[in-house]
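Contents: one structure, followed by commentary.
The values are calculated or read from the model by the stated rules, or taken from the named source; none is laboratory data. What you are looking at is a predicted structure, and each value in this text was computed from that prediction instead of being measured. For neighbour counting, all protein chains shown are included, and Cβ atoms are generated from backbone atoms with ideal geometry for every residue, glycine included.
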Amino acid sequence: MAKTSLFYKIYNAGPLLLLYYLCISEVDSNLEKIFEIFTLNFQIILIYFWVLKRPEIMANGHIFLAGLINDVVMGFPLGISSLSYLIIIFVGTYVRNKSVNTTIASDWFTFFIAMVFSNLLFFSLLNNFSDLDFSNSKIGYNMFFTLFTFPIFWFLFNIYQMTFIGNRDA
Amino acid sequence: MSVSRDDFSIAFRSALLQRGGAQKFSVLSLIFLALIIFFLDVYGAKFTKPVRGFLNDVVYRITFLASTPTRFFPQVSKDLSKYFNVKAENERLKAEIEKYKSLELNVEFLTDENKNLQKILETEYFNKNLSNVVLAKVLVDKNSPFLKSIIINKGTRTGIMKGMPVTHNNYLVGRVVETNYLSSRVLLLNDLNSRIPVTLDQGAQAILSGSGTNNPSLEYLPEDYKIVDEINVFASGKDGIFSPGTPIGITNLDGEVELFVDPNQLSFVTVNLSIQNLGKL
């Protein structure tokens, strides 16, 4: 597909549009109504994968803005989701700079590290600077399901990348 | 050894400071910006409150528009199933009307009796002032694993203030925790941060605590109190915020309270402004 074609541009913008849509709309990745403990942070999976694979389609400024929108919709202090997403970008960019070839296993492991740092910052700030209480078990379930659904989305995003954008990785 | 340290520092610096191409901002500069915004918001600098309120109003409206497709399709399927069940529904409603007709006489008698008793006790009759109730539409109902709240389309312009009770069909659903000019955030009863004083059918007092799941639980019950199922739970009004006697839910065998209103199915709610008029907040 020619890189200047309209469709290519739309496909390229797809992940970013999805991120914005997830942050601003009522659509959520929490299936608590079906299975009470099933919640996952889809946004960080989306950001990590695309920062790792195609950083040029996930600009830092857009991710920062999506984080601010997420804070407004969810009722968190402004800037806290942005910080958490920026930690994901930082770890993703670092891993990208350090590695030549990536596999699903290495991406999965480094995603775990990124998620731990990101959530650590997020919940430490919330705990110390807001009145909101959180259940530790909910945080645990959220991290567990986010981690264990990562490979599924890794495959789906890879298929999207190869089908619509083209694989640029070694 | 020193080569690997150099590699680390180069990759680290690059990840923090890298710009160019699609990346117009470095991660480090955005982290500083996010921290500044965060602390300004948390420590509530005077100018940040109206800015945050304006932002909230704009984003909530956009969220409402962006969520329209997700609301449209479930509504269509719900309407279709309602259409096919209309005959059975009609028969059921007729039977219910007959039942309520007989109950109405009892209710009328009990209401009069209740009013007379309240007059004797010189207590306040909270529900007399219906003009203090505002009907609001639910703009956003985003299901978060950590915060159970909804956004409604009425704010300080309509007289809504922080702490006001919110009901649906006279059943308590939560209280206002954040107000903007055109919108407000309502903390639902099942949120982990929700605590309200309640009274049970037999007169026992307790605190209804949200647990983050669908059903909140009862805390601080009398020591010898044994929870049984199907006990009605009402707001006790001891906090001066919730009207005493507002029904909330019914207990189950697990000691939890099944709310009369499903917090995930709210479309319209009412906000009781009488607290403001009574000057209790």
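Got a sec? Which of A:Leu126, A:Leu121 is of a type outside the set (D, E, K, R), at pLDDT below 90 and under 20 Å from A:Ala66 (Cα atoms)? If you could, list the steps in order and put the result at the bottom.
Numbers: A:Leu121 fails: at pLDDT below 90.
Of A:Leu126, A:Leu121, the one residue that is of a type outside the set (D, E, K, R), at pLDDT below 90 and under 20 Å from A:Ala66 (Cα atoms) is A:Leu126.
Tell me which residues, restricted to segment B:8-39, are on the phi > 0 side of the Ramachandran plot and either more than 7 Å from chain A (Cβ to nearest Cβ) or in a helix (DSSP H, G or I) (or both). Even if it seems obvious, please write down each step before you answer.
Initially, segment B:8-39 is screened for residues on the phi > 0 side of the Ramachandran plot, giving B:20-21.
B:Gly20, the sole residue that qualifies.
Test A:Leu65 against the stated conditions and say whether it is closer than 27 Å to B:Ser184 by Cα and in a helix (DSSP H, G or I).
So A:Leu65 fits the description; yes.
Of all residues in segment B:205-238 being more than 14 Å from chain A (Cβ to nearest Cβ), of a type in the set (Gly, Ala, Ser) and part of a loop (DSSP other than H, G, I, E, B), which is nearest to B:Leu253 (Cα to Cα)?
B:Ser236
Just to check your reading of the model, which residue among A:Leu78, A:Leu83 is facing chain B (nearest Cβ under 8 Å), aliphatic (A, V, I, L, M) and not in a helix (DSSP H, G or I)? Write out each step before concluding.
Numbers: A:Leu83 fails: not in a helix (DSSP H, G or I).
Within the list A:Leu78, A:Leu83, the selection yields A:Leu78.
Might you check whether a residue that is basic (Lys, Arg) and either farther than 30 Å from A:Leu86 by Cα or more than 10 Å from every other protein chain (Cβ to nearest Cβ) (or both) occurs anywhere in segment B:99-111?
Narrowing segment B:99-111 to residues basic (Lys, Arg): B:99, B:101.
Of the ones still in play, those that are also either farther than 30 Å from A:Leu86 by Cα or more than 10 Å from every other protein chain (Cβ to nearest Cβ) (or both) are B:99, B:101.
There is at least one residue in segment B:99-111 that is basic (Lys, Arg) and either farther than 30 Å from A:Leu86 by Cα or more than 10 Å from every other protein chain (Cβ to nearest Cβ) (or both).
Working carefully through the options A:Phe112, A:Phe148, A:Phe129, find the one that is free of Cβ contacts under 8 Å to residues at least 12 places away in the same chain, surrounded by fewer than 18 Cβ atoms within 10 Å (Cβ to Cβ) and not small (Gly, Ala, Ser). So that I can check it myself, show each step before the final result.
Values: A:Phe112 fails: free of Cβ contacts under 8 Å to residues at least 12 places away in the same chain; A:Phe129 fails: free of Cβ contacts under 8 Å to residues at least 12 places away in the same chain.
Unique residue meeting the criteria: A:Phe148.
Of everything in segment A:131-170, what is facing another protein chain (nearest Cβ under 10 Å) and out of contact with any helix residue (DSSP H, G or I) (no Cβ under 7 Å at 6 or more places or on another chain)? Give them in sequence order. So that I can check it myself, show each step before the final result.
The initial filter retains those residues of segment A:131-170 that are facing another protein chain (nearest Cβ under 10 Å), namely A:131-135, A:137-139, A:141-142, A:145.
A:Asp131, A:Asp133, A:Ser135, A:Ser137, A:Lys138, A:Tyr141, A:Asn142, A:Phe145, listed by residue number.
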